[in-house]
Amino acid sequence: MSQATIFYIEDDADIRDLALYALRQAGFAVRGFPDAEGFTEACAASPPDLILLDIMLPGVDGMEMLGRIRQDEQLRDIPVMMLTAKGTELDKVRGLDAGADDYLAKPFGMMELISRVNALLRRSSRAGVPDQRDVLARAGVTLDRRARTAMVDGVPLDLTFKEFELLATLMSNAGCALSRAQLFEAVWGSAFMGNTRTVDVHMQTLRQKMDRASAGSGASIETVRGVGYRLRADREQTR
């Protein structure tokens, strides 16, 4: 099995070097960067398997970099862990909703970092859901994973990163009732120990956007009492 490659963007050389040393000792191939410029060039040459990203960076900050990563066809599916001094619950939610797969606040222990890296790589390797076709169309909803677009009866949906992932998970399991815990783990990752009420809030906004785009289409997502949510599998089309 080949070594997993990790890129770490951190402007504090002491923190960066310590983390890279620990990861290297754990068997990973690692590269560190003080800012976005070198990281971008390295990704163009050979993308990594996982990205560690500080938020407070000179020039382009970590949140903007995360947005660019999630918009880049070559990088958007690579797991990203935020490593940052911004450790409040609100900071974590913002980072996760912006597309981060995990969020570790400074100061952090090297053993915990390695454990979370391993967990992220395991989840990434088995991230497949029952249906991984690029384009899905069910119950009047069409979703294109590669283009990162979603439509209701031909009307485009303006979704956040997490709303898109939530809809993709439901569509990939159309007709199946998924618990809030299952949805939370699939979309936010099990490493985030938050309240699964987060799922309900995002589901509400997703339904509202679907309703506004095409009257009544939010009803394609059904609440399964005592369990969670299900996307209706009728009017199914796939390719």
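The values are calculated or read from the model by the stated rules, or taken from the named source; none is laboratory data. It should be emphasised that the depicted structure is a prediction, and the values quoted were computed from it without experimental measurement. Cβ atoms come from the backbone with ideal geometry, glycine included; neighbour counts cover every protein chain shown. Heavy atoms of the whole protein, side chains included, go into the accessibility calculation; ligands, DNA and RNA do not. Shrake-Rupley method; radii C 1.70, N 1.55, O 1.52, S 1.80 Å.
So what does the Cα-only Debye profile of the chain read at q = 0.14 Å⁻¹, as log10 I(q)/I(0), no solvent term? Per q value, in the given order, log10 I(q)/I(0) is -0.92.
State the extension gain, in nm to one decimal, for the chain segment bounded by THR149 and GLN25, taking 0.36 nm per residue of separation less the distance between their alpha-carbons.
Working: separation 124, 0.36 × 124 = 44.64 nm, distance 4.06 nm.
Working it through step by step, the gained length comes to 40.6 nm.
Heavy-atom accessible area for SER214, with the other protein chains in place and a 1.4 Å probe, reaches approximately 20 Å².
Using the heavy atoms of the protein chains and a 1.4 angstrom probe, tell me the accessible area per residue for region 50-189 in square angstrom.
Details: 6110 Å² over 140 residues.
So region 50-189 comes to 44 Å² accessible per residue, rounded to a whole number.
For an R0 of 22 angstrom, estimate the FRET efficiency from the Cβ-Cβ distance between ALA44 and GLU185 and round to the nearest 0.05.
Details: r = 32 Å, r/R0 = 1.47.
So the FRET efficiency works out to roughly 0.10.
In this calculation the C-beta distance from ALA177 to VAL201 is compared with R0 = 22 Å, giving a FRET efficiency of 0.70. Once you've got the Cα coordinates, tell me which of LYS106/LYS162; LYS92/LYS209; LYS92/LYS162 are over 18 Å apart. Among LYS106/LYS162; LYS92/LYS209; LYS92/LYS162, the Cα-Cα distance tops 18 Å for LYS106/LYS162; LYS92/LYS209. Residues CYS43, CYS176, sorted by accessible area with the largest first, give CYS176, CYS43 [1.4 Å probe; ligands and nucleic acids excluded].
If Lys and Arg each add +1 and Asp and Glu each add -1, what is the summed charge of the other residues whose beta carbon sits under 13 Å from the beta carbon of GLU112? Kindly include the intermediate steps, with their values, before the conclusion.
Working: positive: LYS106, ARG116; negative: ASP102.
Local net charge: +1.
Over the chain, with every protein chain in place, what whole percent of the accessible area is carbon and sulfur at 1.4 Å, could you tell me? For the chain, the apolar C and S fraction of the accessible surface comes to 49 percent.
Out of all DSSP beta bridges with both ends in the chain, state the antiparallel percent to the nearest 5. Before the final figure, lay out each step's value.
Numbers: 18 of 34 bridges.
Rounded to the nearest five, the antiparallel share is 55 percent.
Using the Cβ of ALA26 as centre and a radius below 13 Å, the other residues enclosed give a net charge of +1, where K and R count +1 and D and E count -1.
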